[in-house]
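Have a look at the structure below, then the notes.
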Amino acid sequence: MAERSFAKEVEQLRLPAGSEFRGEGILAVTKALLQSGVGYVAGYQGSPISHLMDVLADAKEILDELGVHFEASASEATAAATLAASVMYPIRGAVTWKSTVGTNVASDALANLASGGVTGGALVIIGEDYGEGSSIMQERSHAFAMKSQMWLLDPRPNLESIVKAVEDGFELSEASNTPVMLEMRIRSCHVHGRFITRENCRPAFSLAEALENPRRDTNRIVLPPASFAHEHEKVRDRWPAAVQFIRERKLNEFFDGDDTHADLGLILQGGLYNGVVRALQLLGLADAFGNSRIPLYVMNVTYPVIDDEVLAFCKDKRAVLLLEEGQPDYIEQNLNTILRRAGVTTALCGKDVLPMAGEYTTQVMRDGIEAFLTTHAPRALESSAAVPAQAPAAVPITFHPKVRDLAAVVPPRPAGFCTGCPERPIFAAMKLAQADLGEHHISCDIGCHLFSILPPFNLGATTMGYGLGAASSSAFNVKSGKRSISVMGDGGFWHNGLTSGIANAVFNKNDGVIVIVDNFYSSATGGQDIPSSRADNPNRATKHPIEAAIRGAGVKWVRTIDRTYDVARLRDTLEEALTTSTDGPKVIIAQSECMLNKQRRVRPLFNKAVKAGERVVKERFGVDPDVCSGDHACIRLSGCPSLSVKDSGDPLKEDPVANVDNSCVGCGNCGEVAEAAVLCPSFYRADIIHNPTAADRIKARVRGAVIGWLQRRRAARLARHAL
Amino acid sequence: MSQVTLHSGTPIKIAILAMGGQGGGVLADWIVEMAEAGGWWAQTTSVPGVAQRTGATIYYVELLPEAAAHAAGRPPVLAMMPTPGDVDLVVAAELMEAGRAMQRGLVTPERTTLIASTHRSYAVAEKAAPGNGIADPNKVLDAGREAARRLLCFDLQQMAERAGSVISASLFGAIAGAGVLPFARDAFEATIRHGGVGVEASLKAFALGFDAAAQAPAAPARIDTSRPLPDVPASAAHPRVQVLLDTVKQFPQATQPLLVAGVRRLIDYQDVAYAEDYLRTLQGFRTLDAQAGGDARDWALTQAAARYVAVAMSYDDMIRVADLKTRGSRFERVRSEVGAKSDQLVYTTEFMHPRLEEICGTLPLRLGRWLENSKTFGGFIRRRVEHGRRVKTGTLTWFVGLYCIAGLRRIRRGTLRHAIETAHIDDWLARTTRIVATDYALAVEVLACRRLIKGYSGTHDRGDRRFARLMQAADELLGQPEAAATLKSLRDAALADEEGKALDAQLAQLLRAPATPPAGGRARIDTPRVAA
């Protein structure tokens, strides 16, 4: 079960033909898949395409009605390999993941798929995690399209264009026997917009039909001599077929400008279109509806580049500017080759006026276009004065001294562990273990647990990829006074960590310590189920314990800690693992449910019980401000959003004291840490008994009578001497 | 010659800066829904990603009348991200996020209305500082007054809480109240109603936000960050306390509020006699101060002594903790803090970790010292007593136990800990006295160094060590120019980080003295040791 329920969105998937769909970009893609008669969908969750997976997971009923098979794949490699169903059979298949990371994982299968080619349309929907909001290395998926020769669609970021790209993508794939990649940028995935729907359609050829009538063709299998033939097929047959389809179906778009500016032009990736239009608008050269004085050539297909279209656009132009986000400048190099080969002398600008690296924000593109026009058509900028100006201030306000001073006060606010996160105590324990045994080399993994590298924990040296925490400690397999520590999440474990990390460590007799964070979900991507999830999921087999898997892989030293909040026990177990004389990998499985998901699950049940008059106890933590010393050692071992500071209210106590706010979920980390690290007695846990029973009330009355009497006695003394 | 017709129609551009989990997405969706219902074309984008986990993030909305799209004959092309200098409305769901918006250039004096909630959600860097790491909120307001066309600042978080709702509702109200969007109040409220979840509370929060914005002054007032000192009361009920008060009133005016705070603290901590001791010590300082020309220095020495001697005398021990934990006022405070209703029962569990030093410290001097050195006793305590204890203060056994420990107050002055603390204080005050004759300002700084000593066990121990190093530094600095400023900067460095790296660096630089490496030569959490 994912973090967010998509019951409402799923209903949109049923919209009849001709109605208006309003919603997120990635949901529009989901609808478009059904409109295209997709036969199966698979993928691996991850921002920004998690919602596609989550919606389909919640749309079981409608998928069944249409005869569409949906799978939550074990990894992107699995998802890519799933497309094998479209090699021999005319079945449309789509897979999705976060890119480039997912494409890296998938590339073995993708390369094989692209070599042999496909019969049914094969669409790879990649969430291009690039620019602001990205959580991964900044690279382009473009390279994968080029190296394996898959076609890359980068549609204009409005729902209509995106939906059309999905439908076109399948047809293009079939017309050229080539898998097609559809690139969705982060903001396009999350953009709210509208499009007019078409009817969903059942796949023309079903998976069952394929199973019952199996087909094979050795020429489609990647093995010599077929593999040599494939390469020639790609350039001889599939490429020209794709070019023809793209031209005939006008997948790329030309927008005319003023005659006076006919000798200029902008060439852009479709995904940048809205930003380019806004940039032109800010220069007074376009309106809010995409009418531009400068002609535009919009590449909704960024690979392959259509030579004839480029030449046709550049012909009779003095200069064109290419807007290509990211590096290397593959398209620019390609265009230069095309122009030179054809002997066209049009000046091509690109990364000379635009930055080579980094996100192309509106401002960056505005500046680039301005620089281009200043050189090649200064009059174009002059004429813009006639347009109602909405140009930004000449001197940006960021240079104002008071705004500049903000650098000293505005703190960085990176993402971090949520309130009550069960991973926090793991790293508190690790910090305490290091206090006892010295600092160790710590290899991190991908997942929420990577927040350990940030303050207040500051733990971890490297992260090499999803599930590769243990693998990245492989080299440290030498005799030494200290062992390496590796961290791996349950998501990464099932993705590949079981083999790449655990089995590898067993096989190579690695002596290191591996901590597996088992929080019952693939949490960082939105709380999807994985094989070791504890939830009852009618569509998936869950509850496969990690411990059984690693014991099966041959690990002898395993400690399962079923409550990560037990900081002292975790610290002691870590210290044991770091010092034991047992050979081979030492694996600690630290288990507690992801608090975000737990709260979502438990809170409604709790409220229902309270309403029904049942006796229920709610726990939360607090700090006695008069006991707290204001040193904040507890915060340096926690960083919990609900554990903050406030003014002490005591004129003699200058430093702010710790304070637990109402968002506390009572996980217990504060108390356990204070106890394990021997910090201070200011923390308390308050048990709030809702709907107390008669026995509770009687007991409370007796206690209250005695305690109250003693308290009044002492208070009276203080009151007597009050100043 | 053909010419492209540029149509009129400029979108309204709105940026919402929030932290993950604050409901910035809900607010953006509300604006979109309201606009669409009102015949506008609306687009929102965001980059939530991993920022959903408490990080800072931006939601961006653009609105354009459908009529304009009809006139142009094609749907609008709206931007996917805010452009610096091209935003009409910036909404910040937390004060520092307003600062971030300005840093990004999203706020401009020509166009932008900036609505910010003044509440703070402290960043890890701010709250993890061993001293006070909280950033100055007025810097954001100062910048906002310059950068925004209109600046509206109020605590929208508190309004939301008052209404039992969340900040997205009060922010939505503030947007409506500011009158910056072309929609009537009804349209806003209808949107909330249409959402169907927590409608009543949301509408209440909306109304509070609306009123605050509608009645907002042209420029928001500064946020008061001063720490008020107590007033000097006219009289006290108890004759002995009245004498204390009379004594306080003989002190220079500037020192009286702190003296009142000190006397109050020490009566609360021990008894009237203890407060009398305190005032006697302070009278000594006052005389010293007068001789050193304190008159012209606003009695800085006496002021510092009034504060830090009181703090030093009320050291944290088991007796104090037991006393504070068992008070009736504390029981009431916990109830209100957790928001317990009258029909609910509340029990607290304390996390205590008594150690040998604390147990011995609470015993009479000789007994305590003997037991502390006894291997048998020490071993027994370490094995049997010295581990985490979950103390249920609301149950009779535990309460009476704690109550009795609090009652040891009567023998406190004879305990081992008291002897240790007193010796420590005497040494510190003697140093101050010695220094004041030569360097008044340095003496004041020596007193202020007491701020480093706080907390329990490892924390206390670490502070104690740093304090000792600063005292040594003070001795070495005596006679040098700028000695006081140097000691102050050393003290700031000592409070900058847990490991003491800043202090080591400064000491090495300023005194050319070799920095003492922390035990073990690495960053560590100090092992427990009693103050010595």
Does segment A:55-122 come out rounded, prolate or oblate by the C-alpha gyration tensor, with a ≥ b ≥ c the root eigenvalues, rounded set by a/c under 1.5 and, if not, prolate when a/b is larger than b/c and oblate if not? oblate
In Hz, Karplus ³J(HN,Hα) per residue of segment B:305-312 (6.51, -1.76, 1.60; θ = phi - 60°; x = Gly, Pro): 5, 4, 6, 7, 5, 4, 5, 5
Residues B:MET159, A:MET464, A:MET137, B:MET352 in order from fewest to most other beta-carbon atoms within 10 Å are A:MET137, A:MET464, B:MET352, B:MET159
Around B:THR397 (Cβ within 14 Å, Cβ-to-Cβ, excluding B:THR397; K/R +1, D/E -1) the net charge comes to +4
Within 10 Å of each Cβ in A:701-708, the average number of Cβ atoms from other chains: 3
Mind running the shape call on segment A:557-682? Use the C-alpha gyration tensor, a ≥ b ≥ c as the square roots of the eigenvalues: rounded below 1.5 for a/c, prolate if a/b tops b/c, oblate otherwise. oblate
Using the count of nearby Cβ atoms within 10 Å as a rough guide to exposure, how do A:LYS608, A:LYS618, A:LYS479, B:LYS139 rank from fewest to most? A:LYS479, A:LYS608, A:LYS618, B:LYS139
Just to check I understand the Karplus step: with θ = phi - 60° and J = 6.51 cos²θ - 1.76 cosθ + 1.60, what whole-Hz values come out for segment B:23-31, glycine and proline as x? x, x, x, 4, 4, 4, 5, 4, 4
Shielding of A:363-372 by other chains, given as the mean Cβ count within 10 Å, works out to 1
Enter the mean number of other protein chain beta carbons within 10 Å of the beta carbon of each residue in A:184-194, as an integer. 6
What aspartates and glutamates could a cross-link reach from A:LYS98, if we take a straight Cα to Cα line under 13 Å and drop same-chain neighbours fewer than 8 places away? A:GLU76, A:GLU128, A:ASP129, A:GLU139, A:GLU183
Return the subset of A:LYS646/B:LYS454; A:LYS431/B:LYS488; A:LYS402/B:LYS204; A:LYS699/B:LYS325 for which the Cα-Cα distance in this structure is over 28 Å, preserving the input order. A:LYS431/B:LYS488; A:LYS402/B:LYS204
Check: the protein assembly as shown dipole with +1 on Lys, Arg Cβ and -1 on Asp, Glu Cβ, in debye: 5000
Going by amide H atoms built from the backbone, whose H comes under 5 Å of the H on A:LEU152, apart from near neighbours? A:MET181, A:THR302, A:TYR303
Over chain A, calculate the relative contact order: mean separation of alpha carbon pairs under 8 Å at least 6 apart, over the residue count, as a percent. 10
What ranking do A:SER500, A:SER107, B:SER329 get, fewest neighbouring Cβ atoms within 10 angstrom at the top? B:SER329, A:SER107, A:SER500
When a/c reaches 1.5 or more, the comparison of a/b and b/c decides; with that in mind, is segment B:285-420 rounded, prolate or oblate per its Cα gyration tensor? oblate
For every other residue with a beta carbon closer than 14 angstrom to the beta carbon of A:VAL101, add +1 if it is Lys or Arg and -1 if Asp or Glu, then tell me the sum. -3
Just for the protein assembly as shown, what percent of DSSP beta bridges are antiparallel, to the closest 5? 40
Which percent, to the nearest 5, of DSSP beta bridges fully inside segment A:255-386 are antiparallel? 15
On a straight-distance basis, which lysines could pair with A:LYS317 in a cross-link, Cα separation under 27 angstrom, same-chain partners fewer than 8 positions away excluded? A:LYS250, A:LYS351
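Laboratory data are not the source of any read-out in this text; all were calculated from the coordinates shown. Computed from a predicted model, the values in this text were never measured in an experiment. No Cβ is skipped: glycine too gets one built from the backbone with ideal geometry, and neighbour counts run over all protein chains shown.
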